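Student: Quick one: the structure is below, questions incoming.
The values are calculated or read from the model by the stated rules, or taken from the named source; none is laboratory data. All figures in this text were calculated on a predicted structure; none of them were measured in a lab. Using ideal geometry, Cβ is built from the backbone for each residue, glycine included, and neighbour counts are taken over all protein chains shown.
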Amino acid sequence: MDFHVLTLFPEMVENTVQTSITGRAVKNGKIALHTVNIRDFADNKHSRVDDYPYGGGAGMVIQAEPVYQAYQSVKKRTSKPRCIYLTPQGKVFNQTMAEEFALEEELVFLCGHYEGIDERVLEEIVTDYVSIGDYVLTGGELAACVMIDAISRFVPGVLNNEESSQFESMQDNLLEYPHYTRPESWRGKNVPAVLLTGDHTKIEAWRLEESYKRTKERRPDLRAKNRPVTAAYFSPTGGTKKAAEL
Ligand code: 6GU
């Protein structure tokens, strides 16, 4: 997967994506990051790419032409790659969208700053308007990094077996169950006894129950979207329960 990012702050995106699991994926060639500095396409010796808004008002607007030239400079491998504009006015990003974007061979991200970008170039190049949540960031770079991270997890070879076995739950709109490691007793708090039994059927049932409880308590909005689980399963606390009763 090739990620192209058009930005005024390429080092912000590079430093983030080249770290941790996505950084390993870049080194292994599973993903590639190409940044384009919009400022390199300024038409003046001061490298200014913003100007006052027509109609007046606060803030500056990024001009259409430097953005258009930055977009044209992208070394595309495919004919019409999707171009994602990061904006709080976009569709709110989620796990399903991450999975869908991961099917593309390459993606172009356009990061805005100031009050925005001249609408005319957006009409020409943008295919998807995406927000990462209902709050306002100072620019699109962090949002692009968030999307690149979530999308990369779906690119084959980015996660190892251990890392990928962890991420089933969000697909089902369920939160992860709690995790424990040594010591068995920490400051008087003990690891739940079921986890020490070695009975994997029982442990899986306990974890599923904890996932439902946690989702109900912390994210009732997600719980409403749970896929209906019809099969009853054995509860470690005795008897059988249906998911709907949890
Ligand atoms: Cl994509 N950009 C900005 N500037 N702020 C945001 C956002 C994006 N998503 C949420 N807030």
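Student: Read through the list (1) in a loop (DSSP other than H, G, I, E, B); (2) at pLDDT 95 or above; (3) surrounded by 11 or more Cβ atoms within 10 Å (Cβ to Cβ), then give the number of the only condition that A205 fails.
Tutor: The number of the failed condition is (1).
Student: On to the next question. Given the structure, is N28 over 21 Å from L142 (Cβ atoms) and assigned by TED's automatic domain parsing to the domain that holds F154?
Tutor: Yes, satisfied.
Student: Then there's this: State which residue pairs qualify: first residue within 18 Å of N94 (Cβ to Cβ) and inside the stretch 131-143, second residue more than 6 Å from the ligand (Cβ to nearest atom) and assigned to a loop (DSSP other than H, G, I, E, B) in any location, beta carbons under 9 Å apart, and separation of 6 or more residues or different chains.
Tutor: Short answer, once both residue conditions are applied: S131/F93; I132/F93; G133/F93; G140/G112; G140/H113; A143/F93.
Student: Still on this structure, I have one more. Go through (1) closer than 25 Å to S73 by Cβ; (2) of a type in the set (G, A, S); (3) under 18 Å from the mean Cα position of the chain (by Cα) for A150 and report which single condition fails.
Tutor: (1)
Student: Continuing with this model, one more query. Using the structure shown, decide if A70 is crowded, with 17+ Cβ neighbours inside 10 Å, within 16 Å of the ligand (Cβ to nearest atom) and either without any contact (Cβ under 8 Å) to a residue 12 or more places away in the chain or outside any strand (DSSP E or B) (or both).
Tutor: Spelling it out, it is not the case that A70 is crowded, with 17+ Cβ neighbours inside 10 Å, within 16 Å of the ligand (Cβ to nearest atom) and either without any contact (Cβ under 8 Å) to a residue 12 or more places away in the chain or outside any strand (DSSP E or B) (or both).
Student: Continuing with this model, one more query. Quick one: in the stretch 127-146, of everything that is within 6 Å of the ligand (Cβ to nearest atom) and either outside the structural domain of F101 (by TED's automatic domain parsing) or not β-branched (V, I, T) (or both), which residue is surrounded by the fewest Cβ atoms within 10 Å (Cβ to Cβ)?
Tutor: Only one residue fits best here, namely Y135.
Student: If you don't mind, another one. Could you run through the stretch 91-126 and say how many residues are more than 9 Å from the ligand (Cβ to nearest atom) and closer than 26 Å to G157 by Cβ?
Tutor: Summing the residues that are more than 9 Å from the ligand (Cβ to nearest atom) and closer than 26 Å to G157 by Cβ in the stretch 91-126 gives 16.
Student: Additional query: Return the residue satisfying two criteria in turn: it lies in the stretch 23-39 and is in contact (Cβ under 8 Å) with a residue 24 or more places away in the chain and part of a loop (DSSP other than H, G, I, E, B), and of such residues it is farthest from E106 (Cα to Cα).
Tutor: Ranking the qualifying residues of the stretch 23-39, first place goes to N28.
Student: Which one is farthest from F3 (Cα to Cα) among residues in the stretch 40-63 that are without any contact (Cβ under 8 Å) to a residue 60 or more places away in the chain and surrounded by 16 or more Cβ atoms within 10 Å (Cβ to Cβ)?
Tutor: Selected residue: V61.
Student: For the stretch 150-173, check the following and say yes or no: at least one residue is touching a Pro at 6+ places or on another chain (Cβ under 9 Å), assigned to a loop (DSSP other than H, G, I, E, B) and either more than 14 Å from the ligand (Cβ to nearest atom) or touching a residue at least 40 places away in the same chain (Cβ under 8 Å) (or both).
Tutor: Checked against the condition, which is being touching a Pro at 6+ places or on another chain (Cβ under 9 Å), assigned to a loop (DSSP other than H, G, I, E, B) and either more than 14 Å from the ligand (Cβ to nearest atom) or touching a residue at least 40 places away in the same chain (Cβ under 8 Å) (or both), the stretch 150-173 yields no hits at all.
Student: Which of the residues spanning the stretch 118-149 are assigned to a loop (DSSP other than H, G, I, E, B) and among the aromatic types (F, W, Y)? Break it down stepwise before answering.
Tutor: Residues of the stretch 118-149 assigned to a loop (DSSP other than H, G, I, E, B): 118, 126-127, 132-140.
The answer is Y135, and nothing else.
Student: Hey, among V92, V108, which residue is farther than 24 Å from G56 by Cα, assigned by TED's automatic domain parsing to the domain that holds P53 and buried (at least 19 other Cβ atoms within 10 Å of the Cβ)?
Tutor: Testing whether each residue is farther than 24 Å from G56 by Cα, assigned by TED's automatic domain parsing to the domain that holds P53 and buried (at least 19 other Cβ atoms within 10 Å of the Cβ) leaves just V108.
Student: Another question, if that's okay. For the structure I just gave you, tell me whether Y177 is assigned to a loop (DSSP other than H, G, I, E, B), at pLDDT below 95 and surrounded by 15 or more Cβ atoms within 10 Å (Cβ to Cβ).
Tutor: no
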